[in-house]
1. Among (1) part of a helix (DSSP H, G or I); (2) closer than 30 Å to residue 217 by Cβ; (3) in contact with a helix residue (DSSP H, G or I) (Cβ under 7 Å, 6 or more places away or on another chain), where does residue 464 come up short?
2. Does residue 136 meet the test of being without any contact (Cβ under 8 Å) to a residue 40 or more places away in the chain and either more than 21 Å from residue 7 (Cα to Cα) or within 32 Å of the chain's Cα centre (by Cα) (or both)?
3. Output the residues belonging to region 782-799 that are part of a helix (DSSP H, G or I), out of contact with any Lys or Arg (no Cβ under 7 Å at 6 or more places or on another chain) and surrounded by 14 or more Cβ atoms within 10 Å (Cβ to Cβ).
4. Restricting attention to region 136-179, report how many residues are under 20 Å from residue 368 (Cβ atoms), small (Gly, Ala, Ser) and in contact with an Asp or Glu (Cβ under 7 Å, 6 or more places away or on another chain).
5. For residue 683, indicate whether it is buried (at least 16 other Cβ atoms within 10 Å of the Cβ), among the polar types (S, T, N, Q) and under 49 Å from the mean Cα position of the chain (by Cα).
6. If we scan region 265-276, do we find a residue that is of a type in the set (A, V, I, L, M), at pLDDT 90 or above and exposed (fewer than 15 other Cβ atoms within 10 Å of the Cβ)?
7. Does residue 491 qualify as being surrounded by 16 or more Cβ atoms within 10 Å (Cβ to Cβ), of a type outside the set (Asp, Glu), over 27 Å from residue 411 (Cβ atoms) and at pLDDT below 90?
8. Among the residues of region 715-750 satisfying the criterion of being part of a helix (DSSP H, G or I), out of contact with any strand residue (DSSP E or B) (no Cβ under 9 Å at 6 or more places or on another chain) and free of Cβ contacts under 8 Å to residues at least 60 places away in the same chain, which is farthest from residue 783 (Cα to Cα)?
Amino acid sequence: MKFSKLWLNELIKADFDSEKLTEQLTMAGLEVSQVEPVAAEFHGVVVGNVLTVDRHPNADKLSLCQVDVGTGNNLSIVCGAANVRPQMKVPVALVGAILPGDFKIKKSKLRGVESEGMLCSVGELGLVGEAAGIFELPNDAPIGVDIRKYLMLDDAIFEVDLTANRGDCLSIMGIAREVAAINRIPVTQLKSYPEKLLNDSKNANSFPITIAAKDACPHYCGLVIRGINNRIDTPILIKERLQRLGIRSINLVVDVTNYVMLELGQPLHAFDLKKMQHGINVRYAKQDENITLLDGRILGLDNKTLVIADLNQPVAFAGVMGGDKTGISQDTVDIFLESAFFVPEKIVGVVQRYNLQTDSSYRYIRGVDYRLQLKALNYAASLIGEIAGGTLGAVTEMVAEEYLPKSSPIILRRQAIKNILGSQISDKEVADILSHLGMKIEGNVDGWLVVAPSWRFDVQIEEDLVEEIARIRGYHFIPEEKIIANIGVNSGTKTSYLDRSRLYTLLEDLGYHEIITFSFIDAKLQELFDSDHQALQLINPISAELSVMRTTLLPGLINAVSYNSKRQQQRARFFEVGLRFLQKENGAVDQELAVAGIVFGNLYPEQWGVKQQEQGNFFDLKNDVERILKIFVANNAIEYIAKSNSAFHPTKTAQICVAGVPIGYLGELHPIIKQKLELPKETCVFEIGLSGIINESKDVFKMFSRFPKVQRDIAIVVDKNIPWSQIRQKIVDISKELLQNITLFDVYCSENIGLNKRSMAIRLIFQSVSRTLVDAEVESLVDHIVLGLKQTFDASLRG
């Protein structure tokens, strides 16, 4: 739902700044997703009247115009637009004016003729609309008035994301009611045309109405307006407001119906009376009956589709779209204007079946105020009468009360408010809030008897009323209470069950099986895999093999692999999430949550499509570890550092760091350990401490770029001992925000490139969030990267 701030201000007679209005609506449950100014900043542009248009003496495609801007002295302005003509009202940028893009208007000569300003197009003013040619203003535009004031450009358009139950806010009036209730101020009542003209239903200015489908349309009203001038231009106020909210101007009558729909939330439809045959009948369509819609689509209807019909045929798809045969044109003189309430359940079905979604159906599906029809009809009729003239006939209204929604009284108890919100609110404030929301209230011993207004069909139970009180009063008034609960396996362990659940799911998807092992392990295994920590000795162990508390999860996984391998299992992938018990210097014991995994055997299960069974290795495990870490931390915070560990293969191991802090290891087990424990070849393990990262949020919104990416590949020759992490960081430091991704996709070693050297092929992806990168800029950046690598690592481009 979009709305104009200036339009809203008219209804609430107040002017809130955009920031405050955004905060109030969002905190009241109407989330403002976007606020945009109607026009860019510019000044010095006024309404002018073109008096004469002569041919430029030195250029065939230029014109020399005399323009009246209300100063008493006509301006001589050179113009190149083809549509400029005498007696045309146009925006004139005076000398000294500044247009969008910081474009300053100066007195200048064009082909030898002096020009004292500029006639502006829509695009030159930074406005939405057709950019070709000079912007033609209405004939009644006042000469000399600032164009920003005339077009009401000091405005902002708000976009609100509404939930499905707040159909009452699909209008400027609905938003105004919310703002008024929050600030406890009144809403301006709209004038409506009096129902007193030609009350004789047999008069020629009436039109007979029959409702055959009362269960789908329990309220219908309409009136005839004869002798209108639909060729008259729609007033600039209406036209501009429609355009800003995404509706194009068509003709006066249609524009007025759309205008009233946006302001009040009631869809209206106008028929060309001369194309109608003997009255209106609201009925269900006959099976296979056809209708041609305003957009040219021809639909075959079923007998569950609600239509507006005349004596011969359907003339409108009820609540969705009008028919082409009775559509309004500029030549229309007599119209029948309808305003109806359609039951939402009857509209939603046909919209889904026919795949039709319109502004009208969107509102009917979410619910329209069932008491609004007559008010909206009178308002639209009065606008048409004031602008286009004509004779208004009597209003014909049909109501089937038994099918209309009922606003039943709701009991609201003081104690319920206190129980739900945690504090008691004064009777005066409760009554004040509910009254400003349009509800009728009557006090009783325990609280109130409340009747919701006809537009608040979502308020049906006591909890709904408490919610209304809370959101209008402000959620920040709800008292904070500390929740005391013992959750998790240990009060000293930081856990996030959401992240742990994702961890389990990911590892299972990667083919790992969870195992649970004893927290007591063999002291010899403890020493073998973690000699850096002194294990906590058990005073009375179950056995010698279970004599210490584990400081690492690896011994349990090793025992599981050994057990399975000895029983002819050729492939296994196990993981465990559990606690490690680390002694502190003061004798206390820290319980740290960790995850560890182990893999051996073929990378894939046996299958006919894989001819050679590839063994899983260090790099396959590293890929799994990266996917685990991405659950908890941002990808750019993860780093792998080559560091020896007595339990791992000397050249196939890495320390895992997050933001420079070590959190674990991964690698292939040392050949001596594999031999000693009789483990399979290429058994690889990892272990990650979770306590320090599991509650760290990595979900930070980053703006998506709509501009194209640019890819460049470079191959550098460097010393073998220089780690990739240092090279990567150097490239990141040079490229800064333009580097979106960096990948090492090939490493090559050969005597041809030198002893103790290696070639590294690197793919760089550049992208900006604010502009399209040009080749010269990218090439310059790549040159800086190559130079930086050369200066830091003595790297050279591979020829």
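The values are calculated or read from the model by the stated rules, or taken from the named source; none is laboratory data. In this text, all values refer to a predicted model and were calculated from it rather than measured experimentally. With ideal geometry, Cβ positions are generated from the backbone for all residues, glycine too; neighbour counts draw on all protein chains shown.
1. Going through the list (1) part of a helix (DSSP H, G or I); (2) closer than 30 Å to residue 217 by Cβ; (3) in contact with a helix residue (DSSP H, G or I) (Cβ under 7 Å, 6 or more places away or on another chain), residue 464 breaks only (3).
2. no
3. Scanning region 782-799 gives 785, 786, 790, 793.
4. 2
5. yes
6. No, that holds for no residue.
7. It is false that residue 491 is surrounded by 16 or more Cβ atoms within 10 Å (Cβ to Cβ), of a type outside the set (Asp, Glu), over 27 Å from residue 411 (Cβ atoms) and at pLDDT below 90.
8. 737
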